[in-house]
Amino acid sequence: MNILVINGPNLNMLGIREPDIYGSETYDDLVKYIQEAKGSHDLDFFQSNHEGALVDRIQQAYYEGVQGIVINPGAYTHTSIALLDAVRAVSIPTVEVHLSDVSEREPYRQLSYIREAAIATVMGEGFAGYVHAIDLLEAFTGEN
Ligand code: DQA
């Protein structure tokens, strides 16, 4: 299965940013972790701090024939209708992932725009949540 893993703003700062919430491992460690768990898949990774770049990458996925998207939109989860529209536009099955359990955090993290277009949301499972998200994409699409 051909899967695109997208991480939004500040996820390049993993290992440095708020380690009590996000852990001490880095973004590169995250990519390695997913590759080791799901190496048999055709995996592509993208991280950006810029909303428009994330929209562009989702649109590009349509033309590449990507079969599933795993996205942690970071803080854009709570603000971006543009990312919601992009996921709707491409009609690629998408799972929303958060390292932390946002349902237990601040009130301003309780709204997720992208959730409306996602087939599922995984939160509070740390790095394992991304692998769980890929499992959910496999089950949803019947691909492996
Ligand atoms: C996050 C949760 C968001 O609220 C936050 O803005 C992030 C990371 C998570 O992975 O837990 O940047 O998406």
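The values are calculated or read from the model by the stated rules, or taken from the named source; none is laboratory data. Remember, it's a predicted structure, so these values are computed and weren't measured experimentally. In this analysis, Cβ positions are derived from the backbone assuming ideal geometry, glycine residues included, and neighbour counts consider all displayed protein chains. SASA here: full protein model, heavy atoms, side chains in, ligands and nucleic acids out. Shrake-Rupley method; radii C 1.70, N 1.55, O 1.52, S 1.80 Å.
In whole Å, what is the distance between the alpha-carbon centres of the stretch 1-36 and the stretch 75-144?
Comparing the Cα centres of the stretch 1-36 and the stretch 75-144, I get a distance of 15 Å.
I need the trypsin sites (Lys or Arg not before Pro) found in the stretch 57-144, filtered to DSSP loop residues with at most 15 other beta carbons within 10 Å of theirs. Spell out each step's value before the answer.
Numbers: sites: 57, 88, 105, 109, 115; in loops: 105.
Passing both the DSSP loop test and the Cβ count: 105.
For the chain, take the convex hull of the Cα atoms, compute a quarter of its surface area, and give me that in nm², please. Walk me through the numbers on the way to the answer.
Numbers: hull surface 30.0 nm².
One quarter of the hull surface, i.e. the mean projection, equals 7.5 nm².
In Å², what does the accessible area per residue of the chain work out to with a 1.4 Å probe?
Details: 6860 Å² over 144 residues.
Solvent-accessible surface per residue comes out at 48 Å².
Can you pull the percent of the chain's accessible area that's carbon plus sulfur, 1.4 Å probe, other chains left in place? Write down the numbers at each step before the final one.
Details: 3300 of 6860 Å².
Carbon-and-sulfur percentage of accessible area, whole number: 48.
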